Amino acid sequence: MSLFELTLQDLRTGLDRREFSSAEATRAFLDRIAATDPQLNAFITVCAEQALAEAAAADRRLAAGDAAPLTGIPLAMKDIFNTAGVRTTCASKILADYVSPYDATAFARVKAQGAVLLGKVNMDEFAMGSSNENSAFGAVRNPWDTACVPGGSSGGSAACVAARQAPAALGTDTGGSIRQPAAHCGVVGLKPTYGRVSRFGVIAYASSLDQVGPVTIDVRDCALLLQAIAGHDPLDSTSVDTPVPDYAAALRTGLEGVRIGLPKEYFGEGLDTDVRRAVEQAVATCRDLGAEIREVSLPHTGYAVACYYLIATAEASSNLARYDSVRFGHRTAAAGNLIETYSRSRDEGFGAEVKRRIMLGTYALSSGYYDAYYLKAQKVRTLIRQDFLDAFETVDVILGPVAPTPAFRLNEKTADPLQMYLSDIFTIPVNLAGTCALSLPCGFSGSGLPIGLQLIGKPFAESDLLHVAYAFEQATEWHKRRAAI
Amino acid sequence: MKISRTEVEHVARLARLALDPAELDALTGDMDAILAYVDQLKRLDTSAIVPTAHAVPMANAFRPDEVRPSFTPEQAQQNAPAPDPAGFRVPRVIE
C-alpha cells in the first residue's frame, strides 16, 4: 500500500511508530498531486517546497516526543481560508494575487498542531455554486468519472480526498457546499452546527449560514479533524463558547436506543431511483443495527431553496461590497472617477454567478422590496428551523439523501441557474436551521458514481452524527471503494 | 415580468457593477425567473412569525478595549493595487 492511500488515522499511527516520516508522506502526496491533478484540476496552489519544510519541522517535533494529533499530517485547505504567505484567491479573478497577512483560525489550529499544508484547493468562486464550474481557475473534475462534476462549492476539497491527493481537507458549507461534493465524490463531509467552528479568516459569503468543516476518507478521520478545529474563538463573535466533547468517544458500533427519523419530504418525486434504493438500503442497515426508525415531517422543505436564495444573496451583496479595488483586489486599468473605478473593477473581477447573486441580493435589500423579499425570507427561515426543532422532539437523528441525483455531467446545468440551485434542496434547510449534518458514502449508481447518505443532528450534537455514521460505516464496505484514477 | 431591464440597470448601479448590455440582458431574464420562483414564499402566512437573523441565539459579544498588536503599515498595504506612503491611492473624489 502506498503512503497516499492511508487514512489520517493510519498516517498518525505510522508516524508515531516511525514506520515513515512526515517528509516521506508529504512527498507521496505531492507526487500523487503531480500525477493526477492535470486530469482533475483540484488544486489552485500547490505548496511543494513549503510543505516539505513544514514536514521536516514536524519530523523534528515527532523526534522530540512533542507530537499533537495532526503533527506531520498533510492537509489541503479550500482556497477560502486565509493562509499567511500563501495566496488566497477564493477562486476569483478579483483576488487572483491576494496574499493574506494572517491565518484563518481553523487553519491556525491545524498548523499549531504541526499539520503540513499541501496546498489550496479549488472551489466555486466565493463558494457560490453546486458544481465547481464557477471557478476562475477552471472546473474541477470528479475522480470517479472525469466527465462529471465533483459538486460544489468545496469541489476541490472533496475531489482531492477522493483521489487521495490529500488524506483530508477543510471546506466550508453555506447551503450544502461540504456535504454535496462529499456525496458526489464518495467521501465523508461534515457541516458542524453554526457557531461550532470559528469563521475568522474565512472569506465571507453568507455570514449567517457559512460554517467550516472537515472532508475525510472515513468517519474516524472526520472526528479527529473536527476535534482539532472545534471550539470558541474570541476573534469570531458568532463562535459559541460551549465545551467541545471528545468526538472519538462517539465512535461506537450498535444503534440500540437511537431513534432515526425519515422526513417524508426527502423521499418524494424527483429523487433518482438509484439514490432512493441506496438510501432505503441504508435505512434497513440502521434498523438491523438496532435503531428505531420513524417517519417525521419537515413540512416547509419545499420553500427552503427560495428562502435561501434571498437570504444568502442579500448577505453576499453586503459582504462582497468590500471588493472595491482600494485596499486589495483587482483594479481596472480603465481611467475613470471613483464610482467608475469601483464599478469597472467589480465587473472585470467577478464571474457571472457571483454577479447574479450580488444583483439578486442587492434587489432583495433595496428600498421598497426589503419587506417583500428579505424580511419575508427571514420569517420563512423561522418556520424551516421550527420544522427541525419539532422533528427532534421525537427522534435523535434525521436521515435522508444528500442530493436528489448522483454527480451530473459538466455543463449539464450551467445554462439554467434555477435547476442548479435545486440540486441543493436537501442540504439548504440544514444551514437555514443552523444545525449540523454529515454526508457519508452509502452506495453507487448504476453508472458507478458514489451516492451520499445525509444524517442531520440536533444543534451541537455532532457526536450523535459521528456515532450513527461510524456504526453504519463499520457495517458496510462503501468507504473502502476508491476511484480508479 | 417580475423585473424590467431598467430596474436591473438601477440595481447594477446600486451594486457598483458596470455591466455591459449583454450582461444586463442575460441578468434580466435570470432575475425574472428567480424572482418568479421565490414568489412561492407569498403562499405562506407569516404575519405572526418572528424573523430569524441567526439560527443560534446569541447576544452581542463584548471585550475590553485594550491596545493589542495589529498590522504594520506594510502588511496593511501589501495587497493594495495602488499603495502610497500616505495610504491607498484612489481617483480624485472631489472635482
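The values are calculated or read from the model by the stated rules, or taken from the named source; none is laboratory data. In this text, all values refer to a predicted model and were calculated from it rather than measured experimentally. Don't worry about glycine lacking a Cβ; one is built from the backbone with ideal geometry, like all the others, and counts go over all protein chains shown. SASA here: full protein model, heavy atoms, side chains in, ligands and nucleic acids out. Shrake-Rupley method; radii C 1.70, N 1.55, O 1.52, S 1.80 Å.
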Between residue A:340 and residue A:96, what is the label-point separation in nm under the 7 Å Cα-to-beta-carbon projection? 2.3 nm
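Suppose we keep just the DSSP beta bridges with both residues in chain A; what percent of those would be antiparallel, to 5?
On the way: 33 of 47 bridges.
Restricted to chain A, the bridges split so that about 70 percent are antiparallel.
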Where the only charges are on Cβ atoms (+1 Lys, Arg; -1 Asp, Glu), what is the dipole of chain B about its Cα centre, to the nearest 20 debye? 260 debye
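Determine the shielding of peptide A:378-386 by partner chains: average, over its residues, the number of Cβ atoms on other chains within 10 angstrom of each Cβ. All intermediate terms of the calculation are to be shown ahead of the outcome.
Values: counts 6, 10, 8, 6, 7, 5, 2, 2, 2.
Average per residue, whole number: 5.
For every helix of n ≥ 4 consecutive DSSP H residues, a contribution of -39,500 (n - 2.57) applies; sum these over chain A, divide by its total residues, and give [θ] at 222 nm rounded to the nearest 500 deg cm²/dmol.
Numbers: 15 runs with 178 residues, N = 485.
Result for chain A: -11500 deg cm²/dmol, rounded to the nearest 500.
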Within a Cβ distance under 14 Å of residue A:296, other residues only, what is the Lys/Arg minus Asp/Glu net charge? -3
Debye intensity ratio in log₁₀ form over the Cα atoms of region A:80-121, taken at each q of 0.19, 0.21, 0.33 Å⁻¹: -0.53, -0.63, -1.22
Would you work out which of A:204, A:62, B:38 lies farthest towards the positive end of the dipole of the protein assembly as shown, given +1 charges on the beta-carbon of Lys and Arg and -1 on that of Asp and Glu, about the Cα centre? A:62
Among A:401, A:130, A:275, the residue whose Cα sits farthest towards the positive end of the charge dipole of the protein assembly as shown (+1 at Cβ of Lys and Arg, -1 at Cβ of Asp and Glu, taken about the Cα centre) is A:130
Using a 7 Å offset from Cα along Cα-Cβ at residue A:49, what residues in region A:74-93 end up with backbone N under 15 Å from the label point? A:85-87
Which values of log₁₀ I(q)/I(0), to two decimal places, follow from the Debye formula for chain A at q = 0.14 Å⁻¹ with a uniform point scatterer at every Cα? -1.38
Could you report chain A's accessible area per residue, 1.4 Å probe, as an integer in Å²? 31 Å²
Mind checking the mean number of beta-carbon atoms from other chains within 10 Å of the Cβ atoms in A:333-346? 4
The computed P(r) of region A:424-485 puts the percent of Cα pairs beyond 14 Å at 61 percent
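Is region A:26-73 rounded, prolate or oblate when judged by the Cα gyration tensor, a ≥ b ≥ c being the square roots of its eigenvalues, rounded requiring a/c under 1.5 and prolate requiring a/b larger than b/c? Intermediate results must be reported in sequence, preceding the final value.
Numbers: a/c = 3.10, a/b = 2.75, b/c = 1.13.
Cα axes put region A:26-73 in the prolate bin.
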Cα pair distances in region B:38-95, grouped into 5 Å bins until the bin that holds the longest one, percent each: 4, 10, 10, 9, 8, 8, 10, 11, 11, 13, 5, 0
Taking each full run of DSSP H in chain A as one helix, which ones are at least 15 Å long along their axis (Cα atoms) and have mean Kyte-Doolittle hydropathy of at least -1.0? A:22-40, A:48-63, A:219-229, A:273-288, A:304-319, A:352-365, A:376-391, A:462-475
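Under a Cβ-Cβ cut-off of 11 Å, what is the net charge of the residues other than residue A:485 that fall near it, where Lys and Arg count +1 and Asp and Glu count -1? Let's see the in-between values first.
Numbers: positive: A:32, A:141, A:164, A:482; negative: A:37, A:145.
Neighbour charge sum, excluding residue A:485 itself: +2.
Just list whichever of A:413/B:2; A:78/A:480; A:191/A:355; A:355/A:480; A:191/A:413; A:78/A:264 have alpha carbons separated by over 29 Å in the model shown. Could the numbers behind the result be given before it?
Working: A:413/B:2 23 Å; A:78/A:480 24 Å; A:191/A:355 26 Å; A:355/A:480 41 Å; A:191/A:413 25 Å; A:78/A:264 34 Å.
The pairs that break the limit, which is 29 Å between Cα atoms, are A:355/A:480; A:78/A:264.
Give the residue list of trypsin sites (Lys or Arg not before Pro) in region A:12-108 that are DSSP loop and have at most 11 other beta-carbon atoms within 10 angstrom. Before the final figure, lay out each step's value.
On the way: sites: A:12, A:17, A:18, A:27, A:32, A:60, A:61, A:78, A:87, A:93; in loops: A:17, A:18.
Sites meeting the loop and neighbour criteria: A:17, A:18.
Rounded to the nearest 100 Å², what's the accessible area chains B and A bury against each other, both chains counted, probe 1.4 Å? Mind showing how you got there, number by number?
On the way: alone 9160 and 17470 Å², together 21560 Å².
Interface between B and A: roughly 5100 Å².
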